[in-house]
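Let me begin by presenting the structure, written as structure tokens, before commenting on it.
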Number of protein chains: 2
Amino acid sequence: MRSDVNRCWRLASRPVGLLKDSDFTFSEEPIPEPKADGDILVRTLYLSVDPTQRIWLARDSYMPAVPIGDVVRAGGVGKVVRSNSPDFAPGDLVQGLLGWQDYALLTAGKRELLPASKLPPGIPPELALSVFGVTGLTAYFGLLHIGRVKEGETVVVSGAAGATGMMVGQIAKAKGCRAIGIAGGPEKCAWITGELGFDTAIDYRSEDVAARLRELCPSGIDVYFDNVGGAILDAALAELAMRGRVVLCGAIGDYTESEQPPGPKNYINLLMRRGRMEGFIVTDFLGQVNEAISDLAGWVSSGKIKNRVDVQEGLEKAPATLNRLFTSANTGKQLLKVADP
Amino acid sequence: MRSDVNRCWRLASRPVGLLKDSDFTFSEEPIPEPKADGDILVRTLYLSVDPTQRIWLARDSYMPAVPIGDVVRAGGVGKVVRSNSPDFAPGDLVQGLLGWQDYALLTAGKRELLPASKLPPGIPPELALSVFGVTGLTAYFGLLHIGRVKEGETVVVSGAAGATGMMVGQIAKAKGCRAIGIAGGPEKCAWITGELGFDTAIDYRSEDVAARLRELCPSGIDVYFDNVGGAILDAALAELAMRGRVVLCGAIGDYTESEQPPGPKNYINLLMRRGRMEGFIVTDFLGQVNEAISDLAGWVSSGKIKNRVDVQEGLEKAPATLNRLFTSANTGKQLLKVADP
């Protein structure tokens, strides 16, 4: 790999279904230079690979869509190469919206989702991008602040072997709840119960999710943490407990569909059982991140939370790596390693 | 009408679609007698006629279904005829779950939804069963405690010329919001804007609700108070503002369906726009009823809230009167007068 060019993936057209390399251009460009005060140039080391990035490519949502011609938006961890900022020195590890490219020029005016921030000392990039990153915080705030779980409650999470789902189940257990995970295939199911301590796993590929939820939750589901949407959301709504909460975190089943899928007809149970269904994004809770990190760090060091990352290598694999989330290929947090730290 | 018998409507079979008299038996029975301490015998004067009573006839919901053979469950206002309770004297006006019958024996053990309570002095039955009754309180707590409206927000309510809807729009205006009502037919629409002070009405019979909401709410709907479910709920979800709230109060369009209607596919906007959709019942807020009554009484006396009741007469018309809600025949709070006060 040459170190004098910036390879970057730019969006060429709005993708339909799974990504194709031809939805993008992958070209070599000059490495950008810090000019304004506050500019920093960052060498990308790891990119975070998240389902929501697929939405950003397709349409405006809680963030504007990536404009055609722009570098694909993605969070990541990198190393500062040059700095016009008193807050960052060359060699610092930082996280921020680096994008699918070797070098990112971060400027004060373009800090869209999260401002670039230094990694806490001693935290490796893989951990910063998973347990202590957007996915871990999403699980934490979603389950505790939106779902408001209480000890002894029954928590069901879909996408349970994914980056956010694995954290939801483990946080539920750490909080004294019963955790049921829905995942695809016997290996993922065995992993979440055997390694992560979920009470039960439901394999949506071989089991009737609706029937299993009915059987496993005779008193209903207190909190359903939804990562997938579609029929599984509807099945969970059918078993919602009185005053049950549905935390809407994702709808991965829908993101690659060009037609809008049917709605959850069992939404009516929100009315009948005084339930609540609520969406959120983690940036709503920026003011409480320190409290979350402190709790998560405690659970990691006491062994209550285990982490798993699924690392692909090579910037050229970016589209294929994002597709892994939509074919259920990943277990744990999906990362793409772009360069050695 | 004979005063020595108790005419009562008992449920004969679970109804499908609009009610038929043959879904019930209407018979003359002996007037029950207070026996246990605390028993009171109440002469029914007015029955409250509410969409939720249709659910009670069909299936278990937030309350158990009315058992086959039981008197049809309904709230109402009556006059105490005999009393074994130190809290009630003959002649007192009380409200409680009287049921579709001339005389109700209320006992401590059978106070299912709301315990019988004396009407506040000077409040006539029509007002006690509308503005200050379940429908007024439902509008109040739904809009303010579930919807958490703030001054300047845009509120949309369906069933806007019905008992709860008319209150929602007027409370929204009293709180400094913009109120848009969805109702059926030009008369109802003219009434809610001309008399009740809604800013705009949408006639769902002659207008494209989705297109009108899009046009009227360029910054989105902050609170949608849903009384109808179905396509109108979906249209409102499509225009939900960032952090918008959907208050689920009813789904009148669905109650008479034997097949479950499609779900709201635009629920996805709860995720994309960090929205919240929540059901409730008024009994969740029993502890705050005094505060609500005080606010409502203030708005009534200052003219900010106007009331309208739609009174049918005669216990024999009970099923036909309940049907009026499902054919949009009523304007304002539907009551059935059973006897003169």
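Tally Lys/Arg at +1 and Asp/Glu at -1 over every other residue whose Cβ is under 9 Å from the Cβ of A:THR44; what's the total?
Spelling it out: positives minus negatives among the neighbours equals +1.
I need to check one value: relative contact order of the range A:134-283, counting alpha carbon pairs closer than 8 Å and at least 6 residues apart, in percent.
Relative contact order of the range A:134-283: 22 percent.
Using DSSP to define loop residues, name the trypsin sites (Lys or Arg not before Pro) in the range B:1-35 whose beta-carbon has at most 15 other beta-carbon atoms within 10 Å.
B:ARG2, B:LYS20, B:LYS35
Compute the normalised compactness of the protein assembly as shown: alpha-carbon radius of gyration over 2.2 N^0.38 Å, N being the residue count.
Relative to the rule-of-thumb radius for its length, the protein assembly as shown sits at 1.12.
Percentage of Cα-Cα pair distances in the range B:253-311 greater than 15 Å, rounded to whole percent?
On the way: 1273 of 1711 pairs.
The calculated P(r) of the range B:253-311 puts 74 percent of pairs beyond 15 Å.
Based on the inverse mean of 1/r over its pairs of different Cα atoms, what is the Kirkwood hydrodynamic radius of the range A:42-105, in Å?
Over the range A:42-105, the inverse of the mean reciprocal pair distance is 12.5 Å.
Using the 10 angstrom Cβ neighbour count as an exposure proxy, how do A:PHE24, A:PHE225 rank, fewest first?
In order of increasing Cβ crowding within 10 Å: A:PHE24, A:PHE225.
Which distances, in nm and shortest first, link the B:LYS118 label point to the same label point in every other copy, taking 7 Å along Cα→Cβ?
With the label placed 7 Å along Cα→Cβ, B:LYS118 yields 7.2 nm.
What net charge is computed for the residues neighbouring A:ASN227, neighbours being all others with C-beta under 14 Å from the C-beta of A:ASN227, Lys and Arg scored +1, Asp and Glu -1?
Value of the local net charge: 0.
Kirkwood Rh over Cα pairs of the range B:22-140 into Stokes-Einstein at 10 °C, 1.306 mPa s: D in µm²/s? Spell out each step's value before the answer.
On the way: Rh = 14.9 Å.
Taking Rh from Cα pairs, D becomes 107 µm²/s.
Would any residue of the range A:219-259 have its amide N under 14 Å from a label point 7 Å out along Cα→Cβ of A:ALA65? List them or say none.
A:256-259
How far is it, in nm, from the label point at A:ALA58 to the one at B:SER3 when both lie 7 Å from their Cα along the line to the Cβ?
Label at A:ALA58, label at B:SER3, 7.0 nm between them.
Past 19 Å, Cα to Cα: identify those pairs from A:LYS173/A:LYS337; B:LYS20/B:LYS333; A:LYS150/A:LYS304; A:LYS20/A:LYS333; A:LYS150/A:LYS173, in the order given.
On the way: A:LYS173/A:LYS337 31 Å; B:LYS20/B:LYS333 22 Å; A:LYS150/A:LYS304 17 Å; A:LYS20/A:LYS333 22 Å; A:LYS150/A:LYS173 11 Å.
A:LYS173/A:LYS337; B:LYS20/B:LYS333; A:LYS20/A:LYS333, as the Cα separations exceed 19 Å there.
First obtain the Kirkwood hydrodynamic radius of chain A from its Cα pairs, then insert it into the Stokes-Einstein equation at 10 °C and 1.306 mPa s, and state the resulting D in µm² per second as a whole number.
77 µm²/s
Only helical DSSP H runs with n ≥ 4 go in: add -39500 (n - 2.57) per run for chain B, normalise by residue count and round the 222 nm mean residue ellipticity to 500 deg cm²/dmol.
Taken over chain B, the calculation gives -7000 deg cm²/dmol.
If you draw the axis that swings chain A onto chain B, which residue of A has its Cβ closest to it, and how far is that in whole Å?
That would be A:GLY263, 2, residue then distance in Å.
If we count other beta carbons within 10 Å of each Cβ, what is the order of B:TYR224, A:TYR62, fewest first?
Fewest-to-most Cβ neighbours within 10 Å comes out as A:TYR62, B:TYR224.
So for the range A:176-250, what percent of the C-alpha to C-alpha distances run longer than 17 Å?
Above the 17 Å cut-off, the range A:176-250 has 42 percent of its Cα pairs.
What does the net charge come to around B:LYS118 if you take all other residues with beta carbon closer than 9 Å to its beta carbon, with K and R at +1 and D and E at -1?
Net charge in that neighbourhood comes out at -2.
Suppose you put the label 7 Å out from Cα in the Cβ direction; list, shortest first and in nm with one decimal, how far A:ALA211 is from each other copy's label.
Between copies, matching label points for A:ALA211 lie 4.7 nm apart.
Using only the Cα atoms of the range B:134-283, each taken as one equal point scatterer with no solvent, compute I(q) by the Debye sum, divide by I(0), and report log10 of the ratio at q = 0.11, 0.19 Å⁻¹.
Taking Cα atoms of the range B:134-283 as identical point scatterers yields -0.35, -1.13.
For the range A:92-166, what percent of Cα pairs sit more than 13 Å apart?
Summing the P(r) tail past 13 Å for the range A:92-166 gives 74 percent.
Dimensions of the range B:146-200 along principal axes (Cα, Å, largest first)?
Largest to smallest, the principal-axis extents are 30, 19, 13 Å.
Need one number for the range A:1-77: average projected area of the convex hull over its C-alpha atoms, nm².
If I average the Cα hull's projected area over directions, I get 6.2 nm².
Taking the C-alpha atoms of the range B:212-341, how large are the radius of gyration and the largest Cα-Cα span, Dmax, in Å?
18.1, 54
Of A:GLU215, B:GLU239, B:GLU278, how do they rank once you tally other Cβ atoms within 10 Å and put the fewest first?
Starting with the residue having the fewest Cβ neighbours, the order is A:GLU215, B:GLU278, B:GLU239.
Hey, for B:ALA320 with labels 7 Å out along Cα-Cβ, what do the inter-copy distances come to in nm, ordered shortest first?
Label-point distances to the other copies, shortest first: 7.5 nm.
Rule-based calculations on the coordinates, nothing more; no lab input. Since the structure is predicted, the reported quantities are computational estimates derived from the model, not experimental observations. Neighbour counts are summed over all protein chains in view; Cβ atoms, including those assigned to glycine, are modelled from backbone coordinates with ideal geometry.
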